[in-house]
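The numbers here are math on the coordinates, done by the rules we state, and not lab data. In this text, all values refer to a predicted model and were calculated from it rather than measured experimentally.
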Amino acid sequence: MSRERDAMRDTLNYVSSRTLDSGSARTTILLACLIAALSYVAPRLEGALMLNPQTAWPLWPGCAILVSALLLVPTGDWRVLILASFAGFVL
């Protein structure tokens with residue numbers, strides 16, 4: 001029983017160490033700038049690589065980038081990242 005508990009604790013420690021530490025405002029701002037830039041570049045890159053412009057891609061690549069970033073940060077930073085991603089989409 002103790003070995004299972006230790007294995008579970010090690011797993012939780014590993015998962016928590018793999019998430020981004022957004023305790024500082026600097027980390028949040030840098031991540032928001034990165035998300036905005038990727039949200040701006042992703043649709044343009046997709047448009048350049050599209051073979052048949054009449055067909056629309058069912059998955060918006062900027063949303064996939066945003067969701068993967070949201071999975072890595074605490075929920076308190078989600079508002080900032082969603083707004084940054086929206087700004088990148090609008091530009």
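Return a whole-number percent for the relative contact order of segment 22-90, with Cα pairs under 8 Å and 6 or more residues apart as the contact set.
Values: 55 pairs, mean separation 36.0, N = 69.
It rounds to 52 percent for segment 22-90.
Could you list which residues have their amide H under 5 Å from that of L72, counting only those 5 or more apart in sequence or on another chain, with H placed in the peptide plane?
For L72, no residues qualify.
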